[in-house]
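So the structure is just underneath, and the comments pick up after that.
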Amino acid sequence: MKKNGVKGAESQGANNDFATTSVPPGSRRSFYGVSMVWVGWCISLSAFLTGGTIGAGNKLGIGLLAVLVGNLLLFALASLCGTVGFRTGRATASLFQAVFGSKGSVVVSALLGISAMSFIGVLLNSFANTLTALLPWIPFWVAILVFGILILATVLRGFKGLEWLGNVAGPMLWVLLALCLYATLKKYGTATLVAYEPEKPLDFITSVGAAVATWIAGAGMASDVTRYSKKVSHVWGGALLGYILGAGLFEAVAAVCAIGVGDGNLVVVMSKLGLLIPAVLVLGLALWTTTGSNVYSSSLAFTNAAQIAGLKIPGYVFSIISTVIAMAVAFLGLASKFSSWLSFCGSLCGPIAGMTIAHFLVLNRKSTKIFVPKNLRLSAWLSWAAAFVLSQITKSAIPALTAIALGFALYIVFSYILDKKLNIHKEATDGSADGQVWDMPTSKEVAALVKAAENGGQDA
């Protein structure tokens, strides 16, 4: 297929930003662009608070080590999940079709979309409260309305909108972070920070768990970003930038500032250091990038569920709905009531990430064709239920990682027991009545296809 074939492939799913189809080689993005989306997504208000909590509860060196270990674990998870997205070119919710069956993915996609949408509402509420505390002359409702509009305007452009925002916000956030760190070290001195002894110490594992919990859900949705990568090295490099130089670095600086200033909120710390305008910029940019990515993932998940259910609703409609509902949650002050709900969603979503990795990178690691059953897959539902129950009754120091590990292991066991008997893991033809087939080229093959598309050659 010639170059016009690439364009044809792009147009096939472009209206929904390839929510339910594979991103064609000709639509893959640059390493810098994808990486900045990663960075913007991972730098959030919750990262500031987590870093501050870890810093206040540990000696400086131990706290920084906990931040590093936690984000290295997130980096590994995101890279594995992201590799699946890179090879298939598919969004996270779309991948659920292969794991749970096409019909089964409706429920899981809806759960993912609701979870992401709820998180947006909590972030918006937190943002508005913090902003009005810094700038009392700004009404609470104005803060929510203005940022709701900004988020929607960005997301309606699809991945290109997130890429543009990341290119602008990422470098600015790093500059502002350096300014905050400099001001803290200048005012309090390195010796004071190193000598710090916490009044209420946190143990190391708990601190690592706090860092992991901050972005465990985002790491599991890595495919929403990495499906646009050109090389597998771009997947791992982007995840490294996002979690180590993005969330990790900001958590580390928040930890340092918490020791010096005595407050875990980096934005509040900056205002106390006389950096009011930089504090407002950090607050706004961090919210904008994180909520934008979550609205994007939410719309992808809902679009997948709608299509499987036979509803022809364009993706932008779900972007609007997700943003409006999130704004309503923030307006009505319901964010506190969503905290327990988000925790529950996290427990439910954790095993799914492990199951997805097991399906594509273990059970089908040598396959170039992925069979997608039309109906429900019993092995997946049993694995999900068992992993969720066991993760709830297991007293783990890091519950989210336990849930992922259980989902991974149980899915392999149930698949070997049930799917082998039912001949589910097979390379069927495109015309199979009980399912469909996806291509899953090797990493080298994907890179070659991208290069060919860029040179006006063939498209897969």
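Where a number appears in this text, it was derived from the coordinates with a stated rule and is not lab data. Small disclaimer: the values here were computed from a predicted structure and weren't measured. As a convention, Cβ positions derive from the backbone with ideal geometry for all residues, glycine included, and neighbour counts pool all protein chains shown.
Rounded to the nearest 10 degrees, the inclination of helix 3-14 to the longest alpha-carbon principal axis of the chain is 70 degrees. Look at the dipole of segment 31-438 built from charges on Cβ: of F344, A178, Y188, the Cα furthest out on the positive end belongs to F344. Given R0 = 30 Å, the distance between the Cβ atoms of L150 and T368 translates into a calculated FRET efficiency of 0.10.
Kindly rank 154-165, 29-40, 178-189 from highest to lowest mean number of other beta carbons found within 10 Å of each residue. Kindly include the intermediate steps, with their values, before the conclusion.
Working: 154-165: 20.8, 29-40: 23.1, 178-189: 15.7.
Final packing ranking: 29-40, 154-165, 178-189.
The gain in end-to-end length when the V107 to K451 segment is fully stretched comes to 120.2 nm, 0.36 nm per residue minus the alpha carbon separation. When K312, K444 are sorted by how many other C-beta atoms sit within 10 angstrom of their C-beta, beginning with the fewest, the order is K312, K444. Dipole check for segment 130-226: with +1 at the C-beta of Lys and Arg, -1 at the C-beta of Asp and Glu, and the Cα centre as origin, the magnitude is about 300 Debye. What FRET efficiency comes out for E197 versus S30 if R0 is 45 angstrom and r is the Cβ-Cβ distance? Round to the nearest 0.05. Once the sixth-power term is evaluated, E becomes 0.45. The spread of Cα positions in segment 244-305, taken along each principal axis and listed from longest to shortest, comes to 48, 24, 17 Å. The label point for Y182 and the one for I277, both projected 7 Å from the Cα toward the Cβ, are 1.5 nm apart. Given +1 at the Cβ of Lys and Arg, -1 at the Cβ of Asp and Glu and no other charges, the dipole of segment 259-415 around its Cα centre is 540 debye to the nearest 20. Segment 208-321 gives an Rg/Rh value of 1.07, both radii derived from C-alpha positions and Rh following Kirkwood. Each label was represented as a point 7 Å from its Cα along the Cα-to-Cβ direction; for I138 and Q392 these points are 4.0 nm apart.
Summary value for the chain: 32 percent relative contact order, contacts being C-alpha pairs under 8 angstrom separated by 6+ residues.
A simple charge model with +1 on the Cβ of Lys and Arg, -1 on the Cβ of Asp and Glu and nothing else charged puts the dipole of the chain at about 800 debye relative to its Cα centre.
Starting from the Cα gyration tensor of segment 30-144, take the square roots of the eigenvalues, sort them a ≥ b ≥ c, and report rounded, prolate or oblate (rounded when a/c is under 1.5, otherwise prolate if a/b is larger than b/c, else oblate). Note, shape of segment 30-144 comes out oblate. The Rg/Rh ratio for the chain, using Cα coordinates for both the radius of gyration and the Kirkwood hydrodynamic radius, is 0.98.
Take a quick pass over segment 135-289 and tell me how many lysine pairs come in under 20 angstrom between Cα atoms, counting only ones 8 or more apart or on separate chains.
Lysine pairs, 8 or more places apart or on different chains, close enough: 4.
Sorting F127, F414, F204 from the fewest to the most surrounding beta carbons within 10 angstrom yields F204, F414, F127.
Placing unit charges on each Cβ (+1 for Lys and Arg, -1 for Asp and Glu) gives the chain a dipole about its Cα centre, and among A326, S126, A358 the Cα reaching farthest toward its positive end belongs to A358. Since only T92, W288, I417 are under comparison, the one whose Cα sits farthest along the positive direction of the charge dipole of the chain, derived from C-beta charges on Lys, Arg, Asp and Glu, is I417.
Helix content alone sets the calculated 222 nm mean residue ellipticity of the chain: runs of n ≥ 4 DSSP H residues at -39500 (n - 2.57) each, divided across all residues, give -23500 deg cm²/dmol.
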